[in-house]
Amino acid sequence: MFSAATAYALGLGGLLIGAAISVWILAAATATGRLGPNRFAGIRARSIMASDTSWLVAHQAAHRALQVAAVWLGTTGVLLAGFGRNADLLVLILIVGTSLVLGALARALVAATRAAKTAD
């Protein structure tokens, strides 16, 4: 039987892996134009939402950084599932993984807003 810590680590790891897959798929869908401006998914800064063209150009510019974020998210999930039973290691993995994901997302936002401002 799993301990509570093991169940937590496996559950959170699985959740992060699922989120990573979702980010990867959404990044591809927005960068190719299969998913246009909407209320729920994508980078939703004002300059990006200004037109269909700015949406597409922005997401194309952010695509690589969003893929990096997805990889870091998935890696964090795998590490949690594998090593998260140790509470100290779980916290370290979460801190480092979250920092890397947020850095990649910030890079995506900067690239997207710059591209959107030059689109129209």
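Pairs, please: C-beta under 8 Å, at least 6 apart or cross-chain, first residue of a type in the set (Val, Ile, Thr) and in the stretch 80-96, second open to solvent by 30 Å² or more (accessible area, probe 1.4 Å)?
As it stands, the answer is 93/79; 93/83, since those pairs meet every condition given.
Among the residues of the stretch 79-118, which ones are of a type in the set (Val, Ile, Thr) and either surrounded by 18 or more Cβ atoms within 10 Å (Cβ to Cβ) or at positive phi (or both)?
Residues satisfying the conditions are 93, 101, 113.
So, in the stretch 34-48, exactly how many residues are within 13 Å of residue 114 (Cα to Cα) and aliphatic (A, V, I, L, M)?
Selection size over the stretch 34-48: 3.
Hey, can you tell me all the residues within the stretch 29-77 that are closer than 30 Å to residue 90 by Cα, aliphatic (A, V, I, L, M) and surrounded by fewer than 17 Cβ atoms within 10 Å (Cβ to Cβ)? Even if it seems obvious, please write down each step before you answer.
Going residue by residue through the stretch 29-77, those that are closer than 30 Å to residue 90 by Cα are 41-43, 62-77.
From what is left, the residues that are aliphatic (A, V, I, L, M) are 41, 43, 62, 65-66, 68-71, 73.
Passing the criteria: 41, 71.
Let me spell it out: the conditions are (1) part of a helix (DSSP H, G or I); (2) more than 21 Å from residue 114 (Cβ to Cβ); (3) of a type in the set (D, E, K, R), and residue 64 meets all of them except one. Which number is the exception?
(2)
Can you tell me which residue within the stretch 39-61, out of those that are in contact (Cβ under 8 Å) with a residue 40 or more places away in the chain and either assigned to a loop (DSSP other than H, G, I, E, B) or acidic (Asp, Glu) (or both), is nearest to residue 28 (Cα to Cα)?
43
Out of everything in the stretch 102-120 that is touching a Ser or Thr at 6+ places or on another chain (Cβ under 7 Å) and of a type in the set (A, V, I, L, M, F, W, C), what residue ends up being farthest from residue 19 (Cα to Cα)?
Among those residues, the one meeting the criterion is 119.
The values are calculated or read from the model by the stated rules, or taken from the named source; none is laboratory data. None of these values were measured; they are calculated from a predicted model. Positions of Cβ are generated from backbone atoms using ideal geometry, with glycine treated the same way; all protein chains shown enter the neighbour counts. Accessible surface areas use protein heavy atoms only, side chains included; no ligands, DNA or RNA. Shrake-Rupley method; radii C 1.70, N 1.55, O 1.52, S 1.80 Å.
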